[in-house]
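> Take a look at this one; I'll ask things after.
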Amino acid sequence: LVQSIYRGWTWLGVFEIAAILFTVVWLILDRKKNLSKKLMLAASILFILSLLIFFMYTLPANRATQNWTIMPEDWEALRKEWEYAHAIRAILNLSGLSLQIYILLHQRRNNYKRKMTSRIIQASANDY
């Protein structure tokens, strides 16, 4: 019964692939901004590592246990790998997302500074 709540979770992998693709596209579009480029590359690598860990540890454990409906002899070791893989993936994905949020906030702040500087210059020019 409990395992039935996990049906359909496979489709959530679409969001992980989308995160990688959107990050790479963002990296390409912002390639002229040095800080943005480096951080976006780091975020891409973190998302890709997370996906690799899924295929190397989580998926094999799910398959060996038929999504935890059977318990093979080494199930305790599998469960430990499975849990560590989930924890590491959560850290990697959160770190990648945090980098993206930082970039957005940094760019927004820079745009605001440019806009305010332009207004100040325009206002001082109008005073003369």
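> Which residue, Ile121, Ala18, Tyr84, has the largest displacement toward the positive end of the dipole of the chain when charges sit on each Cβ (Lys, Arg +1; Asp, Glu -1)?
Ile121
> Which FRET efficiency, nearest 0.05, do Ile91 and Phe15 yield, Cβ-Cβ r, R0 22 Å?
After rounding to 0.05, the efficiency reads 0.80.
> Still on this structure, I have one more. Using a 1.4 angstrom probe, figure out how much accessible area the chain has per residue, in square angstrom, rounded to the nearest whole.
On a per-residue basis, the chain sits at 78 Å².
> Keeping all protein chains in the complex and leaving out DNA, RNA and ligands, what accessible area do you get for Lys38 with a 1.4 Å probe, in Å² to the nearest 10?
Number for this one is 130 Å².
> For the chain, what is the calculated [θ] at 222 nm in deg cm²/dmol (nearest 500), taking -39500 (n - 2.57) for each run of four or more DSSP H residues and dividing by its residue count?
-26500 deg cm²/dmol
> Right, another one. What number comes out for the charge environment of Arg31, summing +1 per Lys or Arg and -1 per Asp or Glu over other residues with Cβ under 12 Å away?
Net of charged neighbours comes to +3.
> A further question follows. Using alpha carbons only, how many degrees (0 to 90, rounded to 10) separate the axis of helix 13-29 from the longest principal axis of the chain?
Helix 13-29 sits at roughly 30 degrees to that axis.
> Sticking with this structure for a sec: When the label point is put 7 Å from the Cα of Ala77 along its Cα-to-beta-carbon vector, which residues of the range 44-58 have a backbone N closer than 15 Å?
57
> What is the calculated FRET efficiency for Met56 to Leu29, with r their C-beta to C-beta distance and R₀ = 41 Å, to the nearest 0.05? Don't skip to the answer; put the middle values down first.
On the way: r = 31 Å, r/R0 = 0.75.
Working from the Cβ atoms, E equals 0.85.
The values are calculated or read from the model by the stated rules, or taken from the named source; none is laboratory data. Note that the coordinates shown come from a computational prediction; the quantities given were computed from them, not determined experimentally. Cβ sites come from the backbone with ideal geometry, for glycine too, and all protein chains shown count toward neighbours. SASA here: full protein model, heavy atoms, side chains in, ligands and nucleic acids out. Shrake-Rupley method; radii C 1.70, N 1.55, O 1.52, S 1.80 Å.
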